[in-house]
Amino acid sequence: MDRFGSFDRESELDAASANDAGVEAPPAIGSDERRMHVRAYNYWVSMLDGRAYPSIEDLEPEKLEDFGPHSVLLDFSGGITSPGITYLGGKLRTECNLPDDVASVAEVPSRSLLSRLTDHYMQIIANRAPIGFEAEFVNERGNNTMYRGILMPFSSDDDTIDFIYGVINWKELADAAISADLKSEVDQALQTAPARPTEPVVVWADGPSAPIIAEEEDEDVLELTDFTPDGSEELGDWLAVARDSADLAKQADGRSRSALYRALGQAYDFALAAADCPEDYVQLLEDSGIKAQERAPMTPVVKLVFGFDYDKTRLAEFASALTYASRYGIKSGEFSAMLEGYAGGLKALVAAERAERRPERKVQAVVADFTKARALPALAEIDFAGDQEFVLLIGRRVDAGTVAVIGTAEHDSALLGRVLRAL
């Protein structure tokens, strides 16, 4: 039976129980297979750039050597009942033994691995967020197969989920007899294994939802000179203090929530100071080679403070947190304390901000474009075979009053939408 849920719960699904001897049972799926969908999720987050969904124009699965061969791209522009398949990775195609001309989900065999992935796409439409899942099934060859995957929404207009990108990894399991022999050997090995140390160790989650901190604070690395503004500070002073806080948070290496929250508080204070000194802020961005982003104004701020080469996933989360503070008018010096007192901490606050930005699906706008296009008068009519209502023709002007049709553009819902809006 499949297990699936919004991707923020994946680390819960990853938790493994230990046996009586204190030794963790070996996972059914290896570490690379278990983390492939995590890398795919982090890639999806890095493409958001302040938007509700990444743009489909930025996705090039054929160039993703890591998980591209294990992926599929579904096109919903023609409706959600039978989405088209616009890309299918080579390894996934080979595993499912699919022909090169498979074009839609309706053509996918029900007992193929690909069907296990496409079965979940309606959860994406309902949740409007990435969906992770894992399960096992008997494939067409009669072999028991463990699989793990993720589906991620993409948009052609930043409003509508009209594409879904899926990544899946798998491993065929040994038959029952072999598994029983292996289990017996493992049990015997555990009985003769030396006792493990009893000292507690830190256990790190391997999913993108893993908390950045552990419960214990290491205050030895959290010493920071107090900064009390008196009105004489320049914008560079605010940035220097914020960077010092960020450096200490990095040194804590995830061991201190207080250090991270203090750094975010200083970053937000710098953002407020930058709003009062726009010319100085622009100069700082130019000196650092960072571009201002009108749609995501806090992204350059966190890049200045934490470094533009810092983990993109974390930068996106930090920018969302600062945007939340700005949205609710948090005053200078108050954001760090607010984070400390926020139920669920940084992770919950970021989720709340992304929920605020998430647009409702604007089907009415698409219908309006088609309706207006149908009402326009025909400039000319030609004989043309095909069943698409709207066709993109490519013309070449012959003279002042004549245009020759020289071909058609391949059907592209995103391109068609832009053309209709321009028309």
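The values are calculated or read from the model by the stated rules, or taken from the named source; none is laboratory data. Predicted, not measured: the structure shown is a model, and the values here were computed from it. All Cβ positions, even for glycine, are placed from backbone atoms using ideal geometry, and neighbour counts span all protein chains on display. The area values use the complete protein model at the heavy-atom level, side chains included, leaving out ligands, DNA and RNA. Shrake-Rupley method; radii C 1.70, N 1.55, O 1.52, S 1.80 Å.
Observations
For (1) open to solvent by less than 40 Å² (accessible area, probe 1.4 Å); (2) closer than 16 Å to residue 356 by Cα; (3) of a type in the set (D, E, K, R); (4) part of a loop (DSSP other than H, G, I, E, B), each residue gets a yes or a no:
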residue: 304; (1), (2), (3), (4): yes, no, no, no
residue: 309; (1), (2), (3), (4): no, no, yes, yes
residue: 316; (1), (2), (3), (4): yes, yes, no, no
residue: 324; (1), (2), (3), (4): yes, yes, no, no
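- Any hit, region 259-273, residues being out of contact with any helix residue (DSSP H, G or I) (no Cβ under 6 Å at 6 or more places or on another chain), open to solvent by 30 Å² or more (accessible area, probe 1.4 Å), modelled with pLDDT under 90 and assigned to a helix (DSSP H, G or I): no
- Subset of region 232-258 (residues that are open to solvent by less than 30 Å² (accessible area, probe 1.4 Å), assigned to a loop (DSSP other than H, G, I, E, B) and on the phi < 0 side of the Ramachandran plot): 256
- Residue 106 vs. criteria open to solvent by 30 Å² or more (accessible area, probe 1.4 Å), in a helix (DSSP H, G or I) and in contact with a Ser or Thr (Cβ under 6 Å, 6 or more places away or on another chain): yes
- Given (1) of a type in the set (Gly, Ala, Ser); (2) surrounded by 10 or more Cβ atoms within 10 Å (Cβ to Cβ); (3) within 30 Å of residue 296 (Cα to Cα); (4) modelled with pLDDT under 85, number of the condition residue 373 does not satisfy: (3)
- Residue within region 83-98 that is modelled with pLDDT under 80 and open to solvent by 20 Å² or more (accessible area, probe 1.4 Å) present: no
- Filter pass, residue 56 being more than 22 Å from residue 311 (Cα to Cα) and at pLDDT 85 or above: yes
- Residue ID - surrounded by the most Cβ atoms within 10 Å (Cβ to Cβ), chosen from residues in region 37-66 that are in contact with a Phe, Trp or Tyr (Cβ under 8 Å, 6 or more places away or on another chain) and among the hydrophobic types (A, V, I, L, M, F, W, C): 40
- Region 335-350, residues that are over 21 Å from residue 41 (Cβ atoms), touching a residue at least 60 places away in the same chain (Cβ under 8 Å) and open to solvent by 10 Å² or more (accessible area, probe 1.4 Å): 336, 337, 340
- With respect to (1) open to solvent by less than 40 Å² (accessible area, probe 1.4 Å); (2) touching a strand residue (DSSP E or B) at 6+ places or on another chain (Cβ under 7 Å), the lone exception for residue 69 is condition (2).
- Contacts under 6 angstrom Cβ, first residue in region 391-411 being in a strand (DSSP E or B), partner charged (D, E, K, R), 6 or more apart: 403/397; 404/396; 406/396
- Pick from region 274-302, criterion outside any helix (DSSP H, G or I) and open to solvent by 30 Å² or more (accessible area, probe 1.4 Å), ranking: nearest to residue 345 (Cα to Cα): 297
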